[in-house]
Structures are given as structure tokens and as C-alpha cells.
1. Can you tell me which residue among 120, 103 is in contact with a strand residue (DSSP E or B) (Cβ under 6 Å, 6 or more places away or on another chain) and either in the same structural domain as residue 196 (by TED's automatic domain parsing) or modelled with pLDDT of 95 or more (or both)?
2. List every residue pair whose Cβ atoms lie under 6 Å apart, where the two residues are 6 or more positions apart in sequence or sit on different chains, the first residue falls within segment 384-400 and is farther than 13 Å from residue 260 by Cα and in the same structural domain as residue 278 (by TED's automatic domain parsing), and the second residue, located anywhere, is at pLDDT below 95 and not in a strand (DSSP E or B).
3. Look at segment 89-120 and say how many of its residues are closer than 23 Å to residue 28 by Cβ, outside any loop (DSSP other than H, G, I, E, B) and out of contact with any helix residue (DSSP H, G or I) (no Cβ under 8 Å at 6 or more places or on another chain).
4. Mind telling me which of the residues 221, 225, 204 ends up being touching a helix residue (DSSP H, G or I) at 6+ places or on another chain (Cβ under 6 Å) and outside the structural domain of residue 312 (by TED's automatic domain parsing)?
5. When you go through 196, 223 one by one, which is the residue that is within 20 Å of the chain's Cα centre (by Cα) and crowded, with 17+ Cβ neighbours inside 10 Å?
6. Can you tell me which residues in segment 148-171 are closer than 21 Å to residue 16 by Cβ and crowded, with 21+ Cβ neighbours inside 10 Å?
7. Starting from segment 21-48, keep only residues that are on the phi > 0 side of the Ramachandran plot and without any contact (Cβ under 8 Å) to a residue 60 or more places away in the chain, then list their pairs with residues that are surrounded by fewer than 19 Cβ atoms within 10 Å (Cβ to Cβ) and not in a loop (DSSP other than H, G, I, E, B) whose Cβ atoms are within a distance under 9 Å, requiring at least 6 positions of separation or different chains.
């Protein structure tokens with residue numbers, strides 16, 4: 001059989017994702033658009049199938065079809081009753097099958113299925129089309145276990161009423177019929193998946209056979225490991241770190257003679273952002289008569305923001321909340337107006353583009369050693385690192401940058417060079433394109 005060649009362009013790629021700009025919820029969605037646009041510029045014929053989130057009715061035609069229906073995310077209703085779940089699954093699978101039949105892609109490139117049927121994994125495998133998963137959020141590690149449709153069918157013990165209904169449907173061979181329109185399992189024989197949907201939460205890493213992800217890559221080792229620990233067989237997956245449009249973020253590294261007093265945090269404001277830790281570190285520095293100020297860029301949980309504002313007012317700290325309008329327009333100039341970026345995340349975040357953007361702009365970065373970002377930051381080489389949630393250690397790192405201007409310049413220069421060479425859009429899309437091409441070749445050899 002003839003294998004399409006991405007390197008010569010004009011490969012038909014169906015991109016499947018839950019959100020797509022301008023209707024989006026954060027950087028993961030923007031990243032999907034960036035990579036899709038880059039592949040399209042390389043001559044590939046790309047159709048995006050996404051949800052109709054943010055729209056009153058579906059949108060068809062052109063490069064983006066907004067037709068899929070989300071469940072229980074981003075403010076959408078939480079459908080949990082059997083009949084409404086089945087109707088939702090059937091409709092989403094109908095749309096997916098219709099799109100594949102109409103577009104006839106050479107390859108399917110799956111981004112996030114958060115809020116979408118995880119049974120799409122079964123349908124895509126049954127389509128026998130080359131399928132590659134780009135995994136940048138925990139929709140596999142956490143989302144498959146909580147998928148209501150698959151949970152209804154595959155948990156070992158069910159509530160009495162739904163348990164009786166399930167037994168009746170299975171005895172009448174209805175489950176086999178449903179598998180054609182709204183799949184409940186990979187194949188017959190996987191009638192229950194106790195390791196995923198049972199009461200025992202202990203799962204052996206890399207052990208669950210009921211889901212197959214033959215070709216996939218992750219945005220970080222941290223997310224890959226979390227997915228393995230959740231039981232899924234993904235140890236063969238690769239890691240391709242995200243990139244940024246470096247041409248938008250390039251700035252000059254400040255000389256050693258320049259002060260390092262204007263601190264900046266950029267985050268979605270919530271308890272796990274760690275921004276309150278940055279504010280507490282600022283208080284410690286002010287108590288030691290250290291001249292610093294902090295700017296906070298981001299929106300988020302109103303209670304958390306109120307807590308920060310209360311702490312700032314109580315201790316009379318020099319903290320400014322910057323207005324947020326258009327992040328693509330705001331952030332480059334915001335970085336350039338500051339001296340140091342504090343990346344204070346206090347959770348195993350799959351990845352973050354913020355440190356990369358700041359590094360490209362020439363800022364030294366002080367970051368919490370957590371999640372995917374911890375794989376990027378090397379203490380004393382391209383950043384300074386502290387333990388998440390430790391305001392005393394964070395304050396110490398800030399003082400270290402002020403006391404050692406040569407070190408500050410060195411880590412800023414190293415960070416900038418690494419981002420410009422390794423994490424620019426072109427370099428990252430090259431890796432993705434190569435992975436997609438290898439996937440086509442592997443699929444072609446398997447099929448033949």
C-alpha cells in the first residue's frame with residue numbers, strides 16, 4: 001500500500017479536540033491551534049473537529065467543524081442518566097463517523113478528549129485509520145476513570161437499579177448493538193474493567209489492556225509517568241516538549257548592573273498556583289529591608305484573589321494586579337517591563353509555557369520544582385529552583401539573584417539560548433511532523 005509522506009506535504013489530517021480557539025479555556029487549546037496552523041502552512045490538508053462550546057449552534061464547513069457536544073466541563077450540563085448518556089454518546093459518535101467518511105483522512109491527530117466520550121478511543125481503533133494522540137492534559141490519567149458512559153457499563157458493582165438494567169440489557173444482547181453506535185468496550189470479553197472502575201484504587205502501572213494507545217506522545221515526562229501510574233500502557237510513548245512563537249517574545253538580557261527588583265508572576269489564580277506563596281515571600285523580603293515589588297498577571301478564583309488582596313493590604317505590600325485583556329498582546333511587553341519571573345505552581349502541572357516565554361524575553365526564572373516545568377529548570381544553570389510552597393526558600397532565591405548579578409545574567413542567557421534553539425515553534429513542529437510520519441509508516445507496515 002502507498003504510505004502518505006508528510007515531508008512532501010498534502011497529507012489529510014483530521015484533528016480531534018475538545019476546544020479550539022477562539023472558543024478556548026487556556027494554553028493547551030492555543031497550543032493545538034499553533035501546531036495545527038504550522039502543519040497547514042507546510043502544505044497539509046487539515047480539518048479540525050471540535051465541540052460547539054461557546055456557540056448557540058453547530059458550525060460546519062471550512063477548516064473547523066464545531067459540532068461535538070461536551071459533558072460536565074466548562075459549564076456544560078452534567079449528564080449522568082442512562083438514556084441521556086446514550087443519546088449523547090450516539091450523537092457524538094455519529095458526528096465523528098460522518099466527519100471521517102466525508103473527509104477521508106490519512107491520519108487522525110487526537111488532542112484532548114476532556115468532556116468528550118472516551119469511547120472515541122474504541123471507535124478510532126475500529127476505524128483502522130492511523131491515529132496519534134498528543135497528550136498535554138490528564139484526560140487519560142484521570143478522565144477515562146471518571147467517564148460516565150464507560151463507568152456505567154464497566155464497573156464491577158453497580159447501584160441496584162442501574163445494575164439490574166445493565167444485566168437485562170446484556171442478557172438481551174443490547175450491549176453488542178450499542179457497541180456499534182456508542183462503544184462500551186474495546187471488544188467482547190472486556191465486560192468489566194475492575195482495575196479502572198472498581199472500588200480498589202490500587203492499579204499496577206502500565207497494566208491495563210482494555211485501552212490501546214499505540215502511537216502517542218506527551219508534553220512532559222511528568223504527565224507520561226502519571227498516566228503510567230494510573231495503569232495505562234503508555235510506556236512506549238515519547239515526550240515532545242511544547243514550543244512557543246519565539247519571534248514574539250525575544251528580548252534583551254539585562255546587564256549585571258541593572259537592578260532585579262520588579263518581580264512578576266503569570267498564572268491562573270487559584271490555590272495551586274502558589275501566587276500567595278510569592279506574596280508571603282515578598283513580605284519576608286520587605287521585613288529584611290529588601291527593595292522588591294511584585295506584579296500579578298492572571299484571572300482566577302475570586303475567593304483566592306480576595307485572600308491575596310487581604311494579605312497584601314494587611315502587610316502593606318507593594319503588589320500590583322495587572323489588567324488582563326489579550327494575553328498574546330499583553331505578555332511580551334509585560335515580561336520586558338519586569339526583571340524576574342516567579343513560577344510558583346504547587347501541583348504536578350503537565351507543563352507550562354510561561355517560563356519559556358519569560359526566558360525568551362531575557363528574564364531569569366525562579367521556579368518551583370514541580371510537574372513538567374521541573375524537567376526544564378536546572379538549578380544554577382538556566383534557572384533557580386525552590387521547593388513548592390516554601391516562601392522562605394523562595395525569598396532566599398530572590399535575594400540570591402540580587403546578590404549575584406553575574407549568576408543572574410548567566411542563567412538568563414542560558415535560558416534564552418535554550419528556548420530559542422530547542423523550544424521554538426519550528427523545532428517542535430519538526431519533531432511532531434517526524435512523529436506523525438513515523439506513525440504512518442508503522443501503520444502502513446502493520447496493515448500490509
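The values are calculated or read from the model by the stated rules, or taken from the named source; none is laboratory data. Worth saying up front: this structure is predicted, and the values here are computed from it rather than measured. Here Cβ is always computed from backbone atoms with ideal geometry, including for glycine, and neighbour counts include all displayed protein chains.
1. 103
2. Final answer for the pair search is 385/369; 388/370.
3. Going through segment 89-120 one residue at a time, the tally reaches 2.
4. Sole residue among the options that is touching a helix residue (DSSP H, G or I) at 6+ places or on another chain (Cβ under 6 Å) and outside the structural domain of residue 312 (by TED's automatic domain parsing): 221.
5. Residue meeting the stated conditions: 223.
6. In the first step, residues of segment 148-171 are kept if they are closer than 21 Å to residue 16 by Cβ; the result is 148-150.
Scanning segment 148-171 gives 149, 150.
7. The qualifying pairs are 43/8.
Every residue, every condition in (1) at pLDDT below 95; (2) out of contact with any strand residue (DSSP E or B) (no Cβ under 9 Å at 6 or more places or on another chain); (3) over 19 Å from residue 432 (Cβ atoms), yes or no:
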{"residue": "208", "(1), (2), (3)": "yes, no, yes"}
{"residue": "227", "(1), (2), (3)": "no, no, no"}
{"residue": "232", "(1), (2), (3)": "no, no, yes"}
{"residue": "239", "(1), (2), (3)": "no, no, no"}
{"residue": "243", "(1), (2), (3)": "yes, no, no"}
{"residue": "248", "(1), (2), (3)": "yes, yes, yes"}
{"residue": "265", "(1), (2), (3)": "no, no, yes"}
{"residue": "281", "(1), (2), (3)": "no, no, yes"}
